[in-house]
Amino acid sequence: MGYRIISGNASIGLAKQIAYELEVELSEARIGRFSDGEIQVKIVENVRGKSCYVVQSTSTPVNENLMELLIISDALKRASAKEIVAVVPYYGYGRQDRKSEPRVPITARLVANLFVAAGVTRVLTVDLHARQIQGFFDIPVDHLYGRSVLLDYFESKKLRDVVVVSPDAGGVERARSFAKHFGTELAIIDKRRPRPNEAFIMNIIGEVKNKTCIILDDLVDTAETLTKVAEAIKMKGAMRVFAAATHGILSGDAKKKIQASCIEKLVVTNSVSLLRDNSTEKIEVLSIAPILSKAIKRIYNNESVSALFSN
């Protein structure tokens with residue numbers, strides 16, 4: 001076998017699922033910490049001349065997981081790996097993709113540069129916050145979509161009178177694609193964000209009264225916007241409210257907010273590892289291991305990755 005699947009600490013569960021789908025063993029890598037907190041990495045297996053796929057979401061704690069990925073990549077480069085593919089289900093710093101005000105960085109571009117400097121030769125990621133981030137890289141980027149997994153879930157529920165709700169103008173294209181699949185209508189939330197993780201709902205464009213609403217976003221972080229949107233459309237007469245997002249970051253007391261909200265179920269993927277607890281029964285986690293494993297196999301065999309989503 002000419003490739004190896006290696007995992008950082010952030011995505012061990014997902015990496016094991018990917019290895020299972022590919023019918024291979026997860027390669028052993030020892031990742032620990034020195035007494036002062038520095039990250040220590042040892043690739044146990046011989047990787048000379050091999051294609052190495054490093055599975056690691058750069059999610060919370062972002063800096064810790066990002067550094068792990070970079071150091072693993074550097075270790076593989078110095079071990080003469082043929083190619084190093086960073087399989088990054090969730091791309092941290094993706095929301096800092098432009099200068100929104102004077103004297104601020106474009107950190108998403110900085111992270112892209114760090115990947116290349118560490119020896120990464122290709123990136124495989126899922127639902128970037130902004131698709132133009134692909135252009136920040138000077139190496140190939142394969143961009144997958146989690147919507148196929150989410151669509152399968154909601155199709156199995158056989159919901160009626162569905163309206164897909166975009167929580168902001170930036171997510172309209174994503175929501176329209178989802179709505180087109182169901183052959184249903186689209187609603188858009190007009191909101192204002194005075195500062196990070198805060199939002200004010202200004203208007204609801206579209207009909208939600210007596211409808212089953214699915215709020216669709218790429219990620220849920222503090223759940224502040226999500227729960228406010230759910231409350232707003234419920235006040236406008238929505239019959240049922242569901243929510244879906246590829247990345248369930250769920251920082252702070254997000255789970256408690258969701259549990260206390262009118263949302264019946266929040267559906268996310270395992271692009272980000274969630275700690276299991278009893279704080280909410282409303283969160284459903286779906287696996288993206290099947291689509292990632294198919295993409296890895298296609299990359300290794302020099303086949304089209306976009307063909308996975310042609311239908």
>> Which residues among the stretch 2-38 fall inside the zone where the amide N is under 15 Å from a point 7 Å beyond the Cα of Val44, along Cα→Cβ?
In response: 5-9, 16, 25-32
> Given H placed on each backbone N at 1.01 Å, which residues far from Ile214 in sequence or on other chains put an amide H within less than 5 Å of it?
Replying inline: Val163, Val164, Val165, Phe242
> Can you give the extra length, in nm with one decimal, that the chain gains between Met235 and Ala307 once fully stretched, where that is 0.36 nm per residue apart less the Cα-Cα distance?
Replying inline: 21.8 nm
> What is the set of long-range amide H partners of Val267 at a cut-off below 5 Å, with H atoms built 1.01 Å from backbone N?
Replying inline: Ala243, Ala244, Ala245, Glu284
> Once you put a point 7 Å from the Cα of Arg298 and another 7 Å from the Cα of Asn113, both along the Cβ direction, what distance in nm separates them?
Replying inline: 3.2 nm
>> Give me the one-decimal Kirkwood hydrodynamic radius in Å for the chain, with the sum taken over alpha-carbon pairs.
In response: 20.3 Å
> Can you work out ³J(HN,Hα) from phi for every residue in the stretch 161-173, in order, using Karplus 6.51 cos²θ - 1.76 cosθ + 1.60 and θ = phi - 60°, giving whole Hz and x for Gly and Pro?
Replying inline: 6, 7, 10, 8, 10, 8, x, 7, 5, x, x, 4, 4
>> Ranking request for peptides 85-96, 265-276: highest mean number of other beta-carbon atoms within 10 Å first, then the rest in descending order.
In response: 85-96, 265-276
>> Could you order the peptides 236-245, 36-45 from most to least packed, using the average number of other C-beta atoms within 10 Å per residue?
In response: 236-245, 36-45
>> Using each residue's phi in the stretch 265-272, evaluate 6.51 cos²θ - 1.76 cosθ + 1.60 at θ = phi - 60° and report the 3J(HN,Hα) Karplus result to the nearest Hz, with x for Gly and Pro.
In response: 7, 9, 9, 10, 9, 8, 4, 10
> Taking the Cα-to-Cβ direction at Asn63 and at Arg30 and moving 7 Å from each Cα, how far apart do the two end points lie in nm?
Replying inline: 2.8 nm
>> Greater than 22 Å separation of Cα atoms is the criterion. Which listed pairs, Lys209/Lys257; Lys158/Lys209; Lys50/Lys294; Lys236/Lys257, meet it?
In response: Lys209/Lys257
> Counting only residues 5 or more places away or on other chains, whose amide H sits under 5 Å from the amide H of Asp142 once H atoms are built in the peptide plane?
Replying inline: Val123, Leu124, Thr125
> Can you list the HN-Hα couplings for the stretch 178-189, worked out from phi with the Karplus curve (6.51, -1.76, 1.60; θ = phi - 60°), rounded to whole Hz and with x for Gly and Pro?
Replying inline: 5, 5, 4, 5, 7, x, 10, 7, 10, 10, 10, 9
> Given a Förster distance of 25 angstrom, what is the FRET efficiency for Gln259 paired with Ser156, based on the Cβ-Cβ distance and rounded to 0.05?
Replying inline: 0.60
> Peptides 8-20, 134-146, 49-61: what's the order by average Cβ count within 10 Å, highest mean first?
Replying inline: 49-61, 8-20, 134-146
> In a solvent-free Debye calculation with one equal scatterer on each Cα, what is log10 I(q)/I(0) for the stretch 147-286 at q = 0.10, 0.16 Å⁻¹, listed in the order of the q values?
Replying inline: -0.28, -0.76
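Here, each number is a calculation from the coordinates, and none is a lab measurement. What you see is a predicted model, and the numbers here were worked out from it, not measured in a lab. All Cβ positions, glycine included, derive from the backbone under ideal geometry; neighbour counts span all protein chains shown.
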